[in-house]
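The values are calculated or read from the model by the stated rules, or taken from the named source; none is laboratory data. Values in this document were obtained by computation on a predicted structure and should not be read as measured data. Note: ideal-geometry Cβ built from the backbone for every residue, glycine included; neighbour counts use all protein chains shown.
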Amino acid sequence: MTQSLIAAHALLPTGWARNVRLAWNDQGRLTHVEPDTEATPTTKGPLIPGTPNLHSHAFQRGIAGLTEFRGAEASDSFWSWRTLMYRFALRLDPAQLEAIALGLYVEMLEAGYTSVCEFHYVHHQGDGRPYADDAELAHALMRAAQRAGIGLTLLPVLYQTSGFGAKPPNEGQRRFIRSTDSMLRLLEKLKPLCDAQGARLGLAPHSLRAVPPDALREALAGLDAIDAGAPVHIHIAEQTQEVDDCIAWSGQRPVAWLLDHAPVDARWCLVHATHMDADEYRRAAASGAVAGLCPTTEANLGDGLFDLPAWRAADGVWGIGSDSHICVSAAEELLMLEYSQRLATRRRNVAAEPSQPNVATAMTLAAVQGGARASGRALGGLAVGQQADFSVLDAAHPALASLDAPTMLSSHVFASHRSNAIDAVWVAGRPRVQAGRHPLHDSATAGFVAARRHLLQEDKP
Ligand code: NGQ
Ligand code: ZN
């Protein structure tokens with residue numbers, strides 16, 4: 001098995017370096033990262049760190065592209081999309097979930113994501129009763145990740161109410177609902193299985209509208225007893241409706257409420273965090289929590305705009321997720337994020353950093369650092385002790401050919417327009433994608449299409 005290579009150009013946490021020798025151990029952890037070696041490069045295309053995908057609801061890949069029409073209401077919204085999404089969620093069976101997740105994870109690898117945080121909330125059978133094995137659907141996701149060879153942070157989701165003030169859940173949410181005790185039993189059951197697979201187990205209180213304060217406190221205490229460092233992810237302040245409802249309930253905005261009532265720190269990922277006031281930007285950034293940005297989903301759902309300059313001015317850490325999977329491409333998420341900021345600020349290269357003026361380079365490094373923190377795994381890029389997760393760009397792609405390495409990355413993000421410029425992808429020191437293809441590409445794609453067709457047929461009377 002290959003355990004080392006020499007990259008002509010590699011993007012290290014400190015920036016671009018030449019003739020870098022990478023070596024890793026049997027566990028897939030980097031043991032050497034040495035620039036300026038004399039040896040002849042074995043890898044010609046620029047090597048970039050693998051991007052962790054910090055937010056995924058795998059099953060939603062099955063409806064990507066299918067909700068792009070206006071419904072009965074004069075104006076469509078996040079909430080009408082959610083109604084359609086719930087209908088689909090109610091029909092999934094374990095085999096279909098596994099097929100959709102496998103197809104998705106293969107797509108992710110081919111697009112340069114080397115790991116995924118799976119925010120997993122469809123727990124029960126279609127009628128709302130638990131499966132005989134309560135972890136049935138978690139197992140389906142874990143198997144899909146293992147078969148694809150993508151890294152996994154599994155985040156079982158606590159979902160109890162349909163709105164602030166402990167509003168009872170609605171019928172469409174019946175597959176998601178769990179008591180806090182049943183969640184803690186699920187986590188206890190999954191912990192050794194995740195450890196055995198090299199996955200990290202965490203917890204995701206779905207949102208403040210789905211988890212009342214007592215349940216939040218008890219679930220976090222239970223998680224700490226299982227793994228005091230485990231990641232905690234929560235959807236927060238994505239829609240203005242949620243902000244208004246939170247103020248009506250508590251007198252506070254969601255992020256402010258969370259910061260005052262939960263021990264938010266670097267273990268936490270605040271997914272979306274779209275609607276914050278100036279004080280919330282400062283306080284949330286100072287907590288060390290990662291802002292889990294999902295730029296194409298947030299655009300698709302009409303969420304609103306995150307203020308990246310305000311977040312960075314407060315030294316906030318961020319990463320990217322593909323969430324609803326309307327788009328599965330790390331490069332396109334970065335493009336969407338940067339472009340949304342340009343449109344809002346009427347400036348260019350908004351996400352560049354004083355230490356890193358090349359915006360694609362700065363964004364890639366930021367998304368890796370933030371994604372690693374949110375994943376709770378050693379995914380912090382090309383440095384000793386981190387996992388050997390990386391992509392090799394296709395130096396022969398027309399958008400990249402004959403450019404220098406940093407500009408190849410710029411063109412990959414800004415100018416390769418949907419034609420993938422990734423040649424190879426390695427996870428934990430093992431090649432998962434070669435010549436742009438995952439070995440399961442054809443079979444996983446066929447399985448995905450069959451599962452989607454089946455689910456859509458069930459929709460017809
Ligand atoms: C989710 N998605 O959990 O899949 C949510 C919709 C909700 C986003 N927030 C459900 N983008 O928030 O209630
Ligand atoms: Zn989400």
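Within region 344-395, take every residue that is free of Cβ contacts under 8 Å to residues at least 40 places away in the same chain and among the aliphatic types (A, V, I, L, M) and give me the one that is nearest to Leu154 (Cα to Cα).
The selected residue is Ala362.
Looking at region 20-35, is at least one residue at pLDDT 95 or above, within 16 Å of ligand 1 (Cβ to nearest atom) and in contact with an Asp or Glu (Cβ under 6 Å, 6 or more places away or on another chain)? Give the derivation first.
First pass over region 20-35, keeping only residues at pLDDT 95 or above: 20-35.
Now narrow it down to the ones that are within 16 Å of ligand 1 (Cβ to nearest atom): none.
No, there is no match, as no residue in region 20-35 is at pLDDT 95 or above, within 16 Å of ligand 1 (Cβ to nearest atom) and in contact with an Asp or Glu (Cβ under 6 Å, 6 or more places away or on another chain).
Could you please give the count of residues in region 199-249 that are within 16 Å of ligand 2 (Cβ to nearest atom) and part of a loop (DSSP other than H, G, I, E, B)?
Going through region 199-249, the residues within 16 Å of ligand 2 (Cβ to nearest atom) turn out to be 202-211, 231-239, 241-242.
Filter once more, so that each one left must be part of a loop (DSSP other than H, G, I, E, B): 202, 206, 208-211, 231, 237-239.
Qualifying residue count, region 199-249: 10.
Does at least one position in region 242-265 carry a residue that is surrounded by fewer than 23 Cβ atoms within 10 Å (Cβ to Cβ), under 20 Å from the mean Cα position of the chain (by Cα), closer than 17 Å to His206 by Cα and modelled with pLDDT of 95 or more? Outline the logic, then answer.
Initially, region 242-265 is screened for residues surrounded by fewer than 23 Cβ atoms within 10 Å (Cβ to Cβ), giving 243-245, 247-253, 256-257, 259-265.
Cutting the leftovers down to under 20 Å from the mean Cα position of the chain (by Cα) gives us 264-265.
Now narrow it down to the ones that are closer than 17 Å to His206 by Cα: 264.
With the extra rule that they be modelled with pLDDT of 95 or more, the set shrinks to 264.
The answer is yes, given that some residue of region 242-265 is surrounded by fewer than 23 Cβ atoms within 10 Å (Cβ to Cβ), under 20 Å from the mean Cα position of the chain (by Cα), closer than 17 Å to His206 by Cα and modelled with pLDDT of 95 or more.
Take the residues in region 308-347 that are of a type in the set (Ser, Thr, Tyr) and crowded, with 22+ Cβ neighbours inside 10 Å; name whichever of them is nearest to ligand 1 (Cβ to nearest atom). Break it down stepwise before answering.
Here is the first cut: in region 308-347, the ones of a type in the set (Ser, Thr, Tyr) are 322, 324, 329, 339-340, 345.
Pick out the ones that are also crowded, with 22+ Cβ neighbours inside 10 Å and you get 322, 324, 329.
Working: Ser322: 11, Ser324: 6, Ser329: 18 Å.
Selected residue: Ser324.
Just one of the numbered conditions (1) within 13 Å of ligand 2 (Cβ to nearest atom); (2) in contact with a Phe, Trp or Tyr (Cβ under 6 Å, 6 or more places away or on another chain); (3) within 30 Å of Lys189 (Cβ to Cβ) is not true of Ala289; which one?
(1)
Could you tell me how many of the residues in region 236-262 are without any contact (Cβ under 8 Å) to a residue 60 or more places away in the chain and not basic (Lys, Arg)?
Start the filter on region 236-262 by keeping residues that are without any contact (Cβ under 8 Å) to a residue 60 or more places away in the chain, which leaves 236-237, 242-244, 247, 251-262.
From what's left, not basic (Lys, Arg): 236-237, 242-244, 247, 251-252, 254-262.
Counting residues in region 236-262 that are without any contact (Cβ under 8 Å) to a residue 60 or more places away in the chain and not basic (Lys, Arg) gives 17.
Any idea how many residues of region 54-65 are out of contact with any helix residue (DSSP H, G or I) (no Cβ under 6 Å at 6 or more places or on another chain), away from ligand 2 (no atom under 12 Å from the Cβ) and not aliphatic (A, V, I, L, M)? Write out each step before concluding.
So the first thing to find is which residues in region 54-65 are out of contact with any helix residue (DSSP H, G or I) (no Cβ under 6 Å at 6 or more places or on another chain), and the list is 55-57, 60, 64-65.
Still in the list and also away from ligand 2 (no atom under 12 Å from the Cβ): 64-65.
Keeping just the survivors that are not aliphatic (A, V, I, L, M) gives 65.
Total meeting the criteria: 1.
Just checking, how many residues over region 93-106 are surrounded by fewer than 22 Cβ atoms within 10 Å (Cβ to Cβ) and touching a residue at least 60 places away in the same chain (Cβ under 8 Å)?
Going through region 93-106 one residue at a time, the tally reaches 2.
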